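One structure is given below, encoded as structure tokens.
The values are calculated or read from the model by the stated rules, or taken from the named source; none is laboratory data. Only a predicted model underlies this, so the values are computations on that prediction, with no experimental measurement involved. Every residue, glycine among them, receives a Cβ derived from its backbone with ideal geometry; neighbour counts consider all protein chains shown.
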Amino acid sequence: MGLTMTEKILSAHLLEGELIRGTEIGIRIDQTLTQDATGTMAYLEFEAMGVPRVRTERSVAYIDHNTLQNGFENADDHRFIGSCAKKHGLFFSRPGNGICHQVHLERFGIPGKTLIGSDSHTPTGGGLGMLAIGAGGLDVAVAMGGGAYYITCPKVVKVNLTGKLSPWVAAKDVILEVLRRMTVKGGVGKVIEYTGEGVKTLSVPERATITNMGAELGATSSIFPSDEQTLAFLKAQKREDVWTPLCADADAVYDEVIEIDLSKLEPLAACPHSPDNVKSMSEIGTLKIDQVCIGSCTNSSLLDMMKVAHILKGKTVHPDVSLSIAPGSKQVLNMLAENGCLSDMIDAGARILESACGPCIGMGQSPNSAGISLRTFNRNFEGRSGTKDGQIYLVSPETAAASALTGYLTDPRTVGDMPEFKLPEVFTINDNMVTLPASEAEMDEVEILRGPNIKPYPDTTPLLETIDAPVSLKVGDNITTDHIMPAGAKILPLRSNIPAISQHCFTVCDEEFPARAKALGQSIIVGGANYGQGSSREHAALAPLYLGVKAVLVKSFARIHRANLINAGILPLTFVNEGDYDKIAQGDTLVLEGIRKAVENGTSELTVLNKTNGAEIPVLCELTGRTKDIILAGGLLDYTRENLK
């Protein structure tokens, strides 16, 4: 029996466990990346472990999220991360060099390698044939220290691509079609592999768009083969020496198979407020728009920007529309300036933003009240744009550019014949915005620079003998990490200050939650299905930890958030019977009698007593030997501190 691409990479990196679906495995990590919204905490955690220098093949610290310096906080974080990188052996991508996933694809990614990043869209690297996985900052810190990264051995889904995309139909439409079929929960516990003759028709940037938004499926990762297209891309980046071929064996066995004929796809849009609320242009109908934003780690490549510039050339953005464009990297921006595309965009009336995440994370460019915004981004969660009642549609760059000219959602197939867009044979290479680490001989002389907003990791305590606590909050299904720990220009600068940022925890759902939870001292949160979907931000676990949350009881968890809760020492519980969710109200007092002993004994089926109404509710506490020990210790930092020395 042959192997999938996923199985080949996992086999080559397996440190603990066996490749048996559903069991825990530990894998060796070759590369890591962080960004500044998660990086400060990751490096504080790395420091706390006492490991002097990273032990990976390559680790890179990027500045791309908190680039709006409206106060000292973000600049202080950048300085701190830069000094940590220099001292501890990381490459440092300075502000302005670009979005982490775009730059990593261009300059650092290697086919067949493993990569974890403290950003949920790290699977972008799968477009290059990497097994790239989003993770919490503490997991990344452990990997930087040489520790294994633990995941549930995933199921593997084959997406067989045939045919070729029609003119003006885009890679974005491919992943939107997959989302329409699989939903935001359909990829949990799975890796999505793209195979078939249609793969050969897609460039690396197009593949990266597809693997990037695999995060919205809840998937562990997504991956394309490493083939001639991959070699051509790496050769153009003058990195062909790192290329290795990778493909699934012809007789590889998959858990699921999805067939997509690329030639039959049409332009699609994800409607408010979920990436899987996907409809065709005809289904949506006439839609007047207020704003268009083009960019993000999903759609900011040179290829995307060239198509946008072609559509805009010689025309003017509709007077009722604000158009902003953010090239994904300094390399892309430089080449747009060189080939004239940047001038075409500016002439048309586009507002050119810096090469950063920007409006995708609510860092500027919020739409007007109840404004309709078309965005080439990956998420359209309610309020994520910075405007609570903003109506966000996710579309391709081609659809976005065409619509910016008409003032209405517009099928890009109406703009005329599509020329052949080719990637350059050689990209403009200039890595002067990447700072190299100090040598081992010099590292002791490097001073770590800390600002007053940088606070230590929250205090943790070992698991209690019994948890007897009120329900401080009850929420519904599909709660995202944007609900739990909002982003945006006002809150993101507090990412290195857990006491301060905790005051915004769950305020999207209940403005009184932070004060109530803190006053209670300890409490439990109850939620619905797919709790914690979205970003990898561990702050969605660290803020509840600081506020005294001891357990979270839900119908089901999203993968990364459940791992982050365990890392923070918060007990993750699920209902045996989802209907029991209705037997608990906010304010009820729940008791887990003898919980520490139960976890020590490996007991997975427990009973929660609702002291308020007398209901006895069966729950699952599914912890492996390792995660059991982490919870008992009070979190991964305590568990790991001695093991990596």
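Of note:
- Residues in segment 192-204 that are closer than 18 Å to LEU105 by Cβ and buried (at least 24 other Cβ atoms within 10 Å of the Cβ): ILE192, TYR194, VAL204.
- VAL308 vs. criteria outside the structural domain of ILE192 (by TED's automatic domain parsing) and either at pLDDT below 95 or touching a strand residue (DSSP E or B) at 6+ places or on another chain (Cβ under 7 Å) (or both): yes
- Positions within segment 56-75 being at pLDDT below 95 and surrounded by fewer than 24 Cβ atoms within 10 Å (Cβ to Cβ), in sequence order: THR67, LEU68, GLN69, ASN70, GLY71, PHE72, GLU73, ALA75
- Filtered residue count, segment 410-444, keeping only those that are over 29 Å from the mean Cα position of the chain (by Cα) and within 11 Å of LYS86 (Cα to Cα): 6
- If you go through segment 239-284 and keep only what is basic (Lys, Arg) and without any contact (Cβ under 8 Å) to a residue 24 or more places away in the chain, you end up with just LYS279.
- All positions within segment 244-280 that are out of contact with any Gly (no Cβ under 9 Å at 6 or more places or on another chain) and surrounded by 21 or more Cβ atoms within 10 Å (Cβ to Cβ): PRO267, LEU268, ALA269, ALA270, PRO275, VAL278
- Residue check for SER343: hydroxyl-bearing (Ser, Thr, Tyr) and closer than 26 Å to MET433 by Cβ: yes
Table: residues versus (1) crowded, with 19+ Cβ neighbours inside 10 Å; (2) basic (Lys, Arg); (3) farther than 27 Å from GLU47 by Cα; (4) touching a Cys at 6+ places or on another chain (Cβ under 7 Å).
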residue	(1), (2), (3), (4)
PRO437	yes, no, no, no
GLU445	no, no, no, no
PRO452	no, no, no, no
GLU465	no, no, yes, no
SER472	yes, no, yes, no
ILE479	yes, no, yes, no
HIS483	yes, no, yes, yes
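- No other residue among ASN334, ASN299 is at pLDDT 95 or above and part of a loop (DSSP other than H, G, I, E, B) apart from ASN299.
Okay, residues lined up against (1) crowded, with 17+ Cβ neighbours inside 10 Å; (2) in the same structural domain as GLY527 (by TED's automatic domain parsing); (3) of a type outside the set (Lys, Arg):
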site	(1), (2), (3)
LEU590	yes, yes, yes
LYS597	no, yes, no
ASN613	no, yes, yes
ILE617	yes, yes, yes
LEU623	yes, yes, yes
ASP629	no, yes, yes
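- Residue match in segment 41-55 (condition: of a type in the set (A, V, I, L, M, F, W, C), surrounded by fewer than 24 Cβ atoms within 10 Å (Cβ to Cβ) and in contact with a strand residue (DSSP E or B) (Cβ under 7 Å, 6 or more places away or on another chain)): no
- Scanning segment 563-586 for residues that are in contact with a Phe, Trp or Tyr (Cβ under 9 Å, 6 or more places away or on another chain) and either surrounded by fewer than 22 Cβ atoms within 10 Å (Cβ to Cβ) or not assigned by TED's automatic domain parsing to the domain that holds GLY634 (or both) yields THR574, TYR581.
One line per residue, one yes/no per condition, for (1) touching a Phe, Trp or Tyr at 6+ places or on another chain (Cβ under 8 Å); (2) within 30 Å of ASP76 (Cβ to Cβ); (3) not assigned by TED's automatic domain parsing to the domain that holds LYS307:
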position: TYR393; (1), (2), (3): no, no, no
position: THR399; (1), (2), (3): no, no, no
position: LYS422; (1), (2), (3): no, no, yes
position: ALA441; (1), (2), (3): no, yes, yes
position: PRO458; (1), (2), (3): yes, yes, yes
position: LYS474; (1), (2), (3): no, no, yes
position: ILE479; (1), (2), (3): yes, no, yes
position: ALA489; (1), (2), (3): no, yes, yes
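- Scanning segment 30-40 for residues that are more than 21 Å from ASP638 (Cα to Cα) and buried (at least 22 other Cβ atoms within 10 Å of the Cβ) turns up GLN31, THR32, LEU33, THR34, GLN35, ASP36, ALA37.
Every residue, every condition in (1) surrounded by fewer than 24 Cβ atoms within 10 Å (Cβ to Cβ); (2) in a helix (DSSP H, G or I); (3) without any contact (Cβ under 8 Å) to a residue 40 or more places away in the chain, yes or no:
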| position | (1), (2), (3) |
| --- | --- |
| PHE80 | yes, yes, no |
| CYS84 | no, yes, no |
| LYS87 | yes, yes, no |
| PHE92 | yes, no, no |
| HIS101 | no, yes, no |
| LEU105 | no, yes, no |
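- HIS539 being within 30 Å of MET213 (Cα to Cα), modelled with pLDDT under 95 and either in contact with a Cys (Cβ under 9 Å, 6 or more places away or on another chain) or surrounded by fewer than 23 Cβ atoms within 10 Å (Cβ to Cβ) (or both): yes
- Scanning segment 1-21 for residues that are exposed (fewer than 15 other Cβ atoms within 10 Å of the Cβ) and touching a strand residue (DSSP E or B) at 6+ places or on another chain (Cβ under 6 Å) yields GLY2, LEU15, GLU16, ARG21.
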